Structure formats: C-alpha cells, structure tokens
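Have a look at the structure below before the remarks.
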Amino acid sequence: MTPTPHVPLAAGDALTAAEQGRACALAVSLERDLHEVVSHHQDLFVGRPFDPALVSGIAMSVAFTAPECTFEQLRPTARTVLWVFAADWHVDYLAQTERDVSALVAGCLAVADGSRRDDEHPLARLLADIRDELAVAPGFAAVYPMWREELGRVFAAMALELRWKTTHEAPPASRRSAPTLDEYLANADNVAGVLVSVTHWAHLADPDSLDHLDDLRAASRAVQRAIRLINDLATYRRDLQWGDLNALMLVSDSTEVTTRLAAVIEACHDLIRPLETTCPRQAAFLRRQVTFTSGFYQLSDFWGNL
C-alpha cells in the first residue's frame, strides 16, 4: 500500500466523543440494512471481495460523512454506494464481452427510466429498488434529470476505463496509447461520487440542497477526482494484482500524482468554501468525503481479497 497524503480535518469536522458514538450507532443501523440488501440479492454480490468488512466500511463511510442525518435519510445513499461497488465488479470483472457490458448498462438505464421486466439483471433490480425509494421523495422529480445524467456518466466512465484496461493488458505490439493523467482524472465519474451525492441530496429534498444543486455538483465533481487519486495512491499493489488501472501506472514519477492530488484538494476547498455560507450541511458532507477517504485509506481498503 502506497502511503496516502494526510488530509487534515477542517475546523468544523472534528466530532466529540458523543457525536462519534452517534455516528457509530448510525453506521451499525446502515450496516444491518446493507446486509439485508446483500441477502436479498445474493446473485449480485458474488465473490470473496464482497466480504462483511466491505459492507461495514460502506456503512461507516456514509455515517461519518453525514453524522447529523438519520438512518432513514441515509439509507438510499448507503444502498447506492453498495450498488456502485456491485456495478464496478460486474463491469470490470464478471462481464465477458463488450456486448455483456452494453446489455447490462441498457438494462440499468431502462430501469432508471421507469421500466421493469421479469428478466432484469440483478444489478438493474437493485437499482430499481433504489429508484423506487427515491421516487417518493418530494424533490426527486426536480432532481431526476440530474440523477439520470449522473447514472449515464458513471456507466460511460466505467466502459471507457474497461477499454483502457483492456488496452493496457494487450501485447505491446498491439497496444494503443495509455491515457494521460489528465484524461484519467477527467474520467473519474467511474468512482460515482457525484451520483452518490446527487442521490443523497435528492432524498433529503431540503431547500439548501435543491437551491444550490449546480454549485454542489461542481464541487462534488472535484471531490470525486480527489477520491480517485487518494484511492489510487493507497491501492496500487492491489490494482497491480487485479489488473486494474491506477494513476501511478500512467506517470514516470509518483510525485506527479501526489502533487496533482494536492492541487485537486485545493480546488475542492475553493469550490466548497462559498457553499459553507449558502448550504453549510451540504458543504460539510462534501468536505468529509475527502477527509474520511483520506483517513480510511491510511490503514485499510474497502474491497476484500480475490
């Protein structure tokens, strides 16, 4: 594991012991719910990487980025994060051909558009459950076009990274150029951080979220790039073993990645700072995504072993 640069907590991020205890209790409730989801979709969460610790890590990440929320407010957010891990696994590792990926994506997007079929892929069935829960939120109709766009962006980014990975694994004689670090970061939608954030705000449906969605999404896009690099710095050895792409594989000097991460995090702060006045809870949510991810990857990883 390559050491990940520490991202210090902002002044408003430190939780008291009582607040930490509440966040842990919130994580326990979310974890129990996610285990129920896994038990109801066992054909979706196949393989050793989907161990109990992954579910626990997801629950903690959601609880500690929005510790002031209730379990009910965070349930769709946590389920969406779990869904993202399943989507990543099925696109990157279980799909055998580009046709498999295309069929999977088409089924999920059809579900997002309101279609339901008996022969849906398990990934589409879980997405349908999430969409149905979101649909009853008062603000979802207004946020739906943005949510649908982000879902499409996630799948497009996953498909592009899969093509890059296939190219990277090809024999040198037939290998095309690898992406540059800029191109790689521009494709960070495969992290699905913006999709998760938009899901969270759509379900909350509070005025502060709905009135500042464009600015929040722009800041979330920067946060997503930071998470991409924090993840890559921490999981380089695993990515080598699993055959995944990683930012460190695209540069000749690892300091180029750490330097870029510092710049990306500074850009996050620049975009989040104005939101601390207009929508402080949402700004804190984005800021904690970066700080929690940085702290978590100091010692662990979400995925289990292959």
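Suppose the filter is in contact (Cβ under 8 Å) with a residue 60 or more places away in the chain and surrounded by fewer than 17 Cβ atoms within 10 Å (Cβ to Cβ); does Asp51 pass it? Judged against the criteria, Asp51 is a match. Scanning region 192-205 for residues that are out of contact with any Ser or Thr (no Cβ under 6 Å at 6 or more places or on another chain) and free of Cβ contacts under 8 Å to residues at least 60 places away in the same chain gives a single hit, Val198. Taking region 251-265 as the range and being under 12 Å from Leu233 (Cα atoms), touching a helix residue (DSSP H, G or I) at 6+ places or on another chain (Cβ under 9 Å) and either assigned to a helix (DSSP H, G or I) or among the hydrophobic types (A, V, I, L, M, F, W, C) (or both) as the test, the residues that pass are Glu256, Val257, Thr258, Arg260, Leu261.
Mind checking which residues of region 211-263 are more than 17 Å from the chain's Cα centre (by Cα), under 30 Å from Gly139 (Cβ atoms) and not hydrophobic (A, V, I, L, M, F, W, C)? Hits for region 211-263 are Asp211, His212, Asp214, Asp215.
A count restricted to region 175-191 and to residues that are closer than 18 Å to Val264 by Cα and without any contact (Cβ under 8 Å) to a residue 40 or more places away in the chain stands at 5.
Per the listing Val143, Val101, Val136, the residue uniquely surrounded by 19 or more Cβ atoms within 10 Å (Cβ to Cβ) and over 27 Å from Asp244 (Cβ atoms) is Val143.
For (1) part of a helix (DSSP H, G or I); (2) closer than 26 Å to Ala284 by Cα, each residue gets a yes or a no:
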position: Ala25; (1), (2): yes, yes
position: Leu34; (1), (2): yes, yes
position: Val37; (1), (2): yes, no
position: Phe50; (1), (2): no, no
position: Val55; (1), (2): yes, yes
position: Phe64; (1), (2): yes, yes
position: Cys69; (1), (2): no, yes
position: Pro76; (1), (2): yes, yes
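Within region 245-273, residues that are touching a residue at least 40 places away in the same chain (Cβ under 8 Å) sit with their Cβ atoms under 7 Å from residues that are among the basic types (Lys, Arg) and surrounded by 14 or more Cβ atoms within 10 Å (Cβ to Cβ), at 6+ positions apart or across chains, in these pairs: Leu245/Lys165; Val264/Arg225; Ile272/Arg287. Filtering region 205-223 to residues that are surrounded by fewer than 24 Cβ atoms within 10 Å (Cβ to Cβ) and out of contact with any Pro (no Cβ under 9 Å at 6 or more places or on another chain) leaves Asp206, Pro207, Ser209, Leu210, Asp211, His212, Leu213, Asp214, Arg217, Ala218, Arg221, Ala222.
In summary, helices (runs of 4 or more DSSP H) completely within region 141-237 and bearing 1 or more residues that are polar (S, T, N, Q) occur at 193-204, 207-210, 213-234. If you go through region 95-140 and keep only what is over 20 Å from Arg79 (Cβ atoms), in a helix (DSSP H, G or I) and of a type in the set (Val, Ile, Thr), you end up with just Val101. Taken over region 216-249, residues that are within 19 Å of Trp89 (Cα to Cα) and β-branched (Val, Ile, Thr) amount to 2. Set side by side, the residues Val154, Val111 differ, and just one is without any contact (Cβ under 8 Å) to a residue 60 or more places away in the chain and in contact with an Asp or Glu (Cβ under 7 Å, 6 or more places away or on another chain), which is Val111.
Each value in this text was obtained by applying a stated rule to the coordinates, not by laboratory testing. Keep in mind it's a predicted model, so treat the numbers as computed, not measured. As a convention, Cβ positions derive from the backbone with ideal geometry for all residues, glycine included, and neighbour counts pool all protein chains shown.
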